[in-house]
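The values are calculated or read from the model by the stated rules, or taken from the named source; none is laboratory data. Since the model is a prediction, treat every value here as computed from it, not as a measurement. Every residue, glycine as well, gets a Cβ built from its backbone with ideal geometry; the counts of neighbours run over all protein chains shown.
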Amino acid sequence: MSRVKAVIFDMDGLMFDTETIYYQSNQATADSIGLPFNYAFYEKYIGTSEKDFFNALHNEHHDEKLVQLFIEKSKIDIETALLAKPLPQKKGLRALLDYLKEKEIEMVVASSTEHRLVETLIQNADLSHYFSGIVGGDEVENSKPDPAIFLKALSKTKAEKAEALVLEDSLNGVRAAHAAGIPVIMVPDLLNPDGEAQEKATAVLEDLTEVISYIKK
């Protein structure tokens, strides 16, 4: 691939160790209102938008009022959980950000989470100064694995597709970057890479520290 001029970061599970927080909060909300819910269902929608997740819940359950109650309550519960204390950062994040800044490589965040919350979480972690742009899931019509979010993120940089690099932890994210024609590195979080992920990702690395070595090559 060409020399990397821009890196596009996913957020949940890639920058911050938040996927477990999301699941535990969703499970607690569901349990509190008596909505059947489990990790197997949640796992299917890691990396997708809130909209797709809620649509799937409507398709799974026939009690519209109960699902709507979950949607309303879970939004409040998750945001409360995410803002309760500083989010744990993934191994190597700060070192990678410092390296990219030193090399004057542009950085953009492309997350399925809504823009407002992404911006708040990045500000709370004192990381805003690293990024030239943010694209949230509420800014595109279709979520990952649709490529729209990464194409929009790329447009906020001066890089061509071959000069950019997407960092993702989920299969849907890898699919989206691959469909966008942008090289993607998978740094797995909750989901181990399957054959499709191995095929579509440029590389699968253990943590963000290894991304520095990859770019140096």
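Are there any pairs with C-beta distances below 6 angstrom linking a residue in the range 195-211 that is closer than 19 Å to I182 by Cβ to a residue that is part of a loop (DSSP other than H, G, I, E, B) and modelled with pLDDT under 95, with the two at least 6 apart or on different chains, and if so which?
Once the first residue is closer than 19 Å to I182 by Cβ and sits in the range 195-211, its partners that are part of a loop (DSSP other than H, G, I, E, B) and modelled with pLDDT under 95 give V204/P193.
Tell me, which helices (runs of 4 or more DSSP H) lie completely within the range 104-217 with 1 or more residues that are among the small types (G, A, S) and surrounded by fewer than 23 Cβ atoms within 10 Å (Cβ to Cβ)?
148-155, 171-180, 195-200, 209-216
Among the residues of the range 49-61, are any more than 21 Å from P145 (Cα to Cα), part of a helix (DSSP H, G or I), modelled with pLDDT of 95 or more and among the aliphatic types (A, V, I, L, M)?
The answer is no; no qualifying residue exists.
Search the range 16-40 for residues that are free of Cβ contacts under 8 Å to residues at least 12 places away in the same chain and surrounded by fewer than 19 Cβ atoms within 10 Å (Cβ to Cβ) and pair each with any residue that is in a helix (DSSP H, G or I) and basic (K, R) when their beta-carbon atoms are under 7 Å apart and the residues are at least 6 apart or on different chains.
Within 7 Å, no pair qualifies.
Are any of the residues in the range 15-25 more than 20 Å from T157 (Cα to Cα), in contact with a helix residue (DSSP H, G or I) (Cβ under 6 Å, 6 or more places away or on another chain) and part of a loop (DSSP other than H, G, I, E, B)?
So far as the range 15-25 goes, no, none of its residues is more than 20 Å from T157 (Cα to Cα), in contact with a helix residue (DSSP H, G or I) (Cβ under 6 Å, 6 or more places away or on another chain) and part of a loop (DSSP other than H, G, I, E, B).
Matching residues to (1) touching a helix residue (DSSP H, G or I) at 6+ places or on another chain (Cβ under 7 Å); (2) of a type in the set (A, V, I, L, M, F, W, C); (3) within 30 Å of K5 (Cβ to Cβ):
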| residue | (1), (2), (3) |
| --- | --- |
| A56 | no, yes, no |
| N59 | no, no, no |
| L69 | yes, yes, no |
| A81 | yes, yes, no |
| L93 | no, yes, yes |
| L97 | yes, yes, yes |
| K101 | yes, no, yes |
| T120 | no, no, yes |
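Search the range 109-134 for residues that are at pLDDT below 95 and pair each with any residue that is assigned to a loop (DSSP other than H, G, I, E, B) when their beta-carbon atoms are under 7 Å apart and the residues are at least 6 apart or on different chains.
S112/G47; S112/T48; S112/S49; S112/S143; S112/K144; T113/M11; T113/G136; E114/G136
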